[in-house]
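Take a look at the structure below.
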Number of protein chains: 2
Amino acid sequence: MSLDPIARIRRFNRAVTAQTGALDHSFLGRGRPLGLARTLHAISHFGQDVATIRAALDLDKAVLSRNLKALQAEGLVELAADPADARRKQARLTPAGLAEVAAYDALSDDQAQTLLNRHPRPDALLAAMDLVASALTVDRVDIVAHDPRGDLARHCLSEYYAELARRFDQGFDVTLSRDPDAAAMTHPHGTFLIALSDGLPLGCVGLKGGTDYAEIKRLWVAPAARRLGLSRRLMDAAEAAARTLGITLLRLDTNSALPEAVALYQTTGWTRINRYNDDPYPDVFFEKQLK
Amino acid sequence: MSLDPIARIRRFNRAVTAQTGALDHSFLGRGRPLGLARTLHAISHFGQDVATIRAALDLDKAVLSRNLKALQAEGLVELAADPADARRKQARLTPAGLAEVAAYDALSDDQAQTLLNRHPRPDALLAAMDLVASALTVDRVDIVAHDPRGDLARHCLSEYYAELARRFDQGFDVTLSRDPDAAAMTHPHGTFLIALSDGLPLGCVGLKGGTDYAEIKRLWVAPAARRLGLSRRLMDAAEAAARTLGITLLRLDTNSALPEAVALYQTTGWTRINRYNDDPYPDVFFEKQLK
DNA sequence: CATGATCGTTGACTTAGGTCAACCAATTCC
DNA sequence: GGAATTGGTTGACCTAAGTCAACGATCATG
């Protein structure tokens, strides 16, 4: 559309605030003020530490104290002193509290499911939501170390493999490639980093330890989050991890069918080198000396 | 992504509520309570009729009455009795009020512009926002008659022509086609209908009057709003308009490169007929008898 | 062990926002 | 022309939510 972009964004804002005034007002519909519902939700989402909850909700301590007291009176929450520091408190959900949280989630999930069900192209809708959400939250993406065999990592890797299969003329079969041993990508040999936006994985990179050099493997960014600087952040974090592990030489292999990757390495201090392995897929090789 | 769709929608909701808690809180930042800012905005957006404003904001009449009084005291609004019905009132923005609305808009537009500026693919972001907004507001799309020479219509038509140019192997040049005279698509000969979602045009259709038969022309639906049933609603509205104009025979031409259009006509009571004009572009022709 | 900082609690207060009923004035209906 | 209806105003009242200051209880530090 050639319409005024600002007008389109305004319409988007009105649409989502009108609707998430319904989606989020799953927070209503259970006869409890919004503040209490949010507090309840925060306990199940951010854990039991009262100070953490307060920071997450950005609430005044007097307000949170009263909210917790009200939830306690309802029998949804148990309050106990932190065993390590008796000034601090911990809020734990009772079984009734857990049930209440589940009921809220069900309300909100039903609305989400309805939206998906009535849409002709749910995949396109979800992809669009991912793109918008990523644009809004780029600056709140965390890069965290994660087990390369965990669910999040497996999701990233399977997306990565699927993308290679699409981009390589000859396809991609991971069993033909030098699949790095997961143990080599865990402490103390290496690491596996995931870019997490509000719990959803948007990208990953592996640092595989070795004797003469370490390798960067499996750099991937979700389509919805591309060109937002995530790959650079992932690479920086991987390099930092390598330094703290005492690694001094990094290598990586890639493919000329992935020009954005090649361009990234060329502009971030990597130097082209000759082939250093016999993996059938890569045709471009880089090295970086860590000072 | 193969992740849980519900989790993705949850993330989307959190992202937009956290952010439009910033986008919409352009409503804040001018030292006025949200209610007054919303009222002010509604006057400029929905016109001066107090009852209309109340319906649009879904406000209690006592609340709106007080809000208007406060805005009047600030010198932003003038209240006057409706000349046609002295029980009703009208709220008009003073120059100061207009300036205040402009200031709010500028705040919100700046945030939108920032979002666009820092995004690597603004077109993709806008398209995604359109898709999401359309999915959320399908049931609030109005079909309204509109001047085929107006801005909204011109936007729809240029998108329509651009789409034909993409879809036809030989391209599309409107000057080679039988471009319907705009007058034939206005009352009392015919009509031109636009599907409007919160002011943004998502589709159109023209009803072109004639002596022996009327023609359906220029049926178009925006990519972001396809397969949501809009084309059927547009066609139904065009047919209804034809009936009230006393038209008994409808014809249309289309192209086999537009299979979804052909399918629509085949399933909504149209019958294939032979070519009835010498336009170079169409190769499929339909007719419908209105009883 | 004394001092100061930290954490949560409590009471007093404020603001935004909304409900409800009574009311007046204008209009519509019979 | 009188009765009923409608649109807006006003006062009394309520809840959610947040601010502020004072205050124990606890912990960290010199």
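The values are calculated or read from the model by the stated rules, or taken from the named source; none is laboratory data. The structure displayed is predicted, hence computed values, not measured ones. Every residue, glycine as well, gets a Cβ built from its backbone with ideal geometry; the counts of neighbours run over all protein chains shown. The accessibility values were calculated without ligands, DNA or RNA, using every heavy atom of the protein model including side chains. Shrake-Rupley method; radii C 1.70, N 1.55, O 1.52, S 1.80 Å.
Residue-wise test of (1) among the β-branched types (V, I, T); (2) within 26 Å of A:R14 (Cβ to Cβ).
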| position | (1), (2) |
| --- | --- |
| B:F192 | no, yes |
| B:L196 | no, yes |
| B:P201 | no, yes |
| B:S231 | no, yes |
| B:A238 | no, no |
| B:T244 | yes, no |
| B:I247 | yes, no |
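For region B:170-287, give me every one of the strands (runs of 3 or more DSSP E) that falls completely inside it and has 1 or more residues that are open to solvent by 60 Å² or more (accessible area, probe 1.4 Å), over 30 Å from B:L125 (Cβ atoms) and not hydrophobic (A, V, I, L, M, F, W, C). If you could, list the steps in order and put the result at the bottom.
On the way: elements: B:191-197, B:200-208, B:214-221, B:249-254, B:271-273.
In region B:170-287, the matching strands (runs of 3 or more DSSP E) lie at B:271-273.
State all residues of region A:249-272 that are touching a strand residue (DSSP E or B) at 6+ places or on another chain (Cβ under 7 Å) and either within 14 Å of chain B (Cβ to nearest Cβ) or not aliphatic (A, V, I, L, M) (or both); if no residue qualifies, say none. Full working, then the answer.
At the first step, the residues of region A:249-272 found to be touching a strand residue (DSSP E or B) at 6+ places or on another chain (Cβ under 7 Å) are A:249-256, A:261-262, A:265, A:269-272.
Within region A:249-272, A:R251, A:D253, A:T254, A:N255, A:S256, A:Y265, A:G269, A:W270, A:T271, A:R272 meet the criteria.
For region B:100-120, how many residues are more than 27 Å from the chain's Cα centre (by Cα) and surrounded by 12 or more Cβ atoms within 10 Å (Cβ to Cβ)? Outline the logic, then answer.
Applying the first criterion (more than 27 Å from the chain's Cα centre (by Cα)) to region B:100-120 yields B:118, B:120.
Okay, now just the ones that are also surrounded by 12 or more Cβ atoms within 10 Å (Cβ to Cβ), so B:118.
Summing the residues that are more than 27 Å from the chain's Cα centre (by Cα) and surrounded by 12 or more Cβ atoms within 10 Å (Cβ to Cβ) in region B:100-120 gives 1.
List every residue pair whose Cβ atoms sit under 9 Å apart, with the two residues 6 or more apart in sequence or on different chains, where the first one lies in region A:271-291 and is more than 24 Å from A:Q170 (Cβ to Cβ) and at pLDDT below 95 and the second, anywhere, is among the aliphatic types (A, V, I, L, M) and assigned to a strand (DSSP E or B).
Listed by first residue and then by second, the contacts come to A:L290/A:L249; A:L290/A:L250.
Name the residue that is nearest to B:S44 (Cα to Cα), counting only residues in region B:74-99 that are open to solvent by 90 Å² or more (accessible area, probe 1.4 Å) and among the aliphatic types (A, V, I, L, M).
The extreme case among them is B:L98.
Any residue in region A:242-253 that is in contact (Cβ under 8 Å) with a residue 12 or more places away in the chain and within 20 Å of A:R272 (Cα to Cα) sitting within a Cβ distance under 6 Å of a residue that is outside any loop (DSSP other than H, G, I, E, B) and among the basic types (K, R)? List the pairs, counting only those 6 or more apart or interchain.
So the pair list comes out as A:L250/A:K288.
For region B:135-163, give me the residue count where each residue is open to solvent by 70 Å² or more (accessible area, probe 1.4 Å), without any contact (Cβ under 8 Å) to a residue 40 or more places away in the chain and under 15 Å from the mean Cα position of the chain (by Cα).
Matching residues across region B:135-163 total 3.
Which pairs turn up if I take residues in region A:42-64 that are open to solvent by less than 30 Å² (accessible area, probe 1.4 Å) and look for partners that are within 11 Å of DNA strand D (Cβ to nearest atom) and hydrophobic (A, V, I, L, M, F, W, C) with beta carbon separation below 6 Å, at least 6 apart in sequence or on another chain?
Listed by first residue and then by second, the contacts come to A:A42/A:L57.
Helices (runs of 4 or more DSSP H) wholly in region B:42-138 with at least 2 residues that are within 16 Å of DNA strand D (Cβ to nearest atom), within 30 Å of B:P201 (Cβ to Cβ) and within 14 Å of chain A (Cβ to nearest Cβ) - which ones?
Details: elements: B:50-57, B:61-73, B:95-117, B:122-137.
Where helices (runs of 4 or more DSSP H) fall fully within region B:42-138 and carry at least 2 residues being within 16 Å of DNA strand D (Cβ to nearest atom), within 30 Å of B:P201 (Cβ to Cβ) and within 14 Å of chain A (Cβ to nearest Cβ), they are B:50-57.
Within region A:70-121, count every residue that is more than 16 Å from DNA strand C (Cβ to nearest atom), acidic (D, E) and over 30 Å from B:T137 (Cβ atoms).
Selection size over region A:70-121: 1.
Quick one: is B:R166 open to solvent by 60 Å² or more (accessible area, probe 1.4 Å), in a loop (DSSP other than H, G, I, E, B), assigned by TED's automatic domain parsing to the domain that holds B:S197 and of a type outside the set (D, E)? Don't jump to the end; show me each part of the working.
On the way: open to solvent by 60 Å² or more (accessible area, probe 1.4 Å): yes; in a loop (DSSP other than H, G, I, E, B): no; assigned by TED's automatic domain parsing to the domain that holds B:S197: yes; of a type outside the set (D, E): yes.
No.
Could you go through region B:173-194 and let me know if any residue there is touching a helix residue (DSSP H, G or I) at 6+ places or on another chain (Cβ under 7 Å), under 24 Å from B:V141 (Cβ atoms) and within 14 Å of chain A (Cβ to nearest Cβ).
yes
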